[in-house]
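The values are calculated or read from the model by the stated rules, or taken from the named source; none is laboratory data. Treat the numbers as computed from the prediction; the structure is a model and nothing was measured. FYI the Cβ positions are ideal-geometry reconstructions off the backbone, even for glycines, and counts take in every protein chain you see.
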Amino acid sequence: MYDLIIIGSGPAGLSAAVYGKRAGLDLLVIEEKPMSGGQVLNTSEVDNYLGLPGIGGFDMGMKFREHADAAGALFRTASVTEIQDDGAVKTVRTGDGGSYEARALILATGAEHRMLGVPGEEKFRGRGVSYCATCDGAFFRGKKVAVVGGGDVAVEDAVYLSRMCEKVFLIHRRDSLRAAKGLQDKLAACENAEILWNRTVQEICGDGLMEGVKLRDTATQAEEELAVDGVFIAVGMHPNTEAFRNVVPCDEQGYVIAGEDCAARASGIYAAGDIRTKQVRQIVTAVSDGACAVASAERYLTEKCCEK
């Protein structure tokens, strides 16, 4: 029986591990992959984490794990298939037949950017292809870029990038945007932004570095090539919450409903990082969530001890 089990070893989970050990909790981190760090491992360079400008994503992930190891956190590599909430005892079951019990849980399994699934996307990921304008936009200052999508995030990204890029193309598969009217108005006011209607990306092209995208007109089926230095894909995210949606309430998109204290609507269970309902999903907010979730869990565990 652990005091705390942390599911996930991205920035939120590793932060929670450090804060949990500093609080003197007997804890276990269950990670799906044999290498900690989460999405940051796939980022070539992180330029907006305070005090570490330009650090490589892989190096950052390794530093986070080293910190958790130094704090004495215990790790197990396994895929979580189910959690069970029996009030005072929470049970975590894994795909290898494992079963672990704790008095509190922190869910930090993260979310994944939806991919287009076109040739060249994986090849140029981190080398021209990005899923986060606020993370990587500065690398394309003064250059031509494309944003793929038609929702709020895509339009917000296009507006944001227009402030630093020479030209921004918004590629959308339909003839109207899903984004809020206010955001569309902001985009229309950007003189260096252009919407390419009824277009889908067929391929991301380049020799060594990304050089452009191949587009198809959804009405005429005609194909064309668009020369850009980078492409930002904003077609949604997928929270990794399938294993516990039957235990903690989630919103219609699958994010765990939890506020700034990270408390889910189930006693003793907390959500940290990209899986919880929040406005900004960045490394720095994930790390913050890890600390907040432990503070809430520690308070819960203390109150439970006092009840005995």
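Some points to look at:
- Residues that are within 29 Å of VAL294 (Cα to Cα), in contact with a Phe, Trp or Tyr (Cβ under 7 Å, 6 or more places away or on another chain) and modelled with pLDDT under 95, drawn from region 98-130: HIS113
- Filter pass, ARG299 being under 30 Å from GLY51 (Cβ atoms) and under 17 Å from the mean Cα position of the chain (by Cα): no
- Check on VAL46, under 20 Å from GLY273 (Cβ atoms) and modelled with pLDDT of 95 or more: no
- Among the candidates THR241, THR218, THR277, residue that is among the β-branched types (Val, Ile, Thr), outside the structural domain of MET164 (by TED's automatic domain parsing) and touching a Ser or Thr at 6+ places or on another chain (Cβ under 9 Å): THR241
- Residues located in region 240-292, provided they are crowded, with 21+ Cβ neighbours inside 10 Å, of a type in the set (Asp, Glu) and farther than 20 Å from TYR131 by Cα: ASP289
- Selected residue (criterion: nearest to VAL284 (Cα to Cα)) from residues of region 30-77 that are free of Cβ contacts under 8 Å to residues at least 40 places away in the same chain and hydrophobic (A, V, I, L, M, F, W, C): LEU52
- The residue that is modelled with the lowest pLDDT, counting only those in region 214-244 that are among the small types (Gly, Ala, Ser) and in contact with a helix residue (DSSP H, G or I) (Cβ under 9 Å, 6 or more places away or on another chain), is GLY236.
- Identity of the residue in region 6-29, touching a residue at least 24 places away in the same chain (Cβ under 8 Å) and surrounded by fewer than 24 Cβ atoms within 10 Å (Cβ to Cβ), that ends up nearest to ALA78 (Cα to Cα): LEU28
- In region 218-239, the residues that are of a type in the set (Asp, Glu) and either buried (at least 18 other Cβ atoms within 10 Å of the Cβ) or in contact with a Lys or Arg (Cβ under 6 Å, 6 or more places away or on another chain) (or both): GLU223, GLU225, ASP229
- Checked against the criterion of being among the aliphatic types (A, V, I, L, M), touching a residue at least 24 places away in the same chain (Cβ under 8 Å), outside any strand (DSSP E or B) and within 25 Å of MET60 (Cα to Cα), the candidates VAL248, VAL231, VAL235, VAL294 yield just one match: VAL294.
- Verdict on LEU161 being assigned by TED's automatic domain parsing to the domain that holds GLY151, touching a residue at least 24 places away in the same chain (Cβ under 8 Å) and within 30 Å of ALA108 (Cβ to Cβ): yes
- Tally, over region 176-214, of residues that are small (Gly, Ala, Ser) and farther than 17 Å from ALA154 by Cβ: 3
- Any chance ASP59 is in a helix (DSSP H, G or I) and closer than 20 Å to ALA16 by Cα: yes
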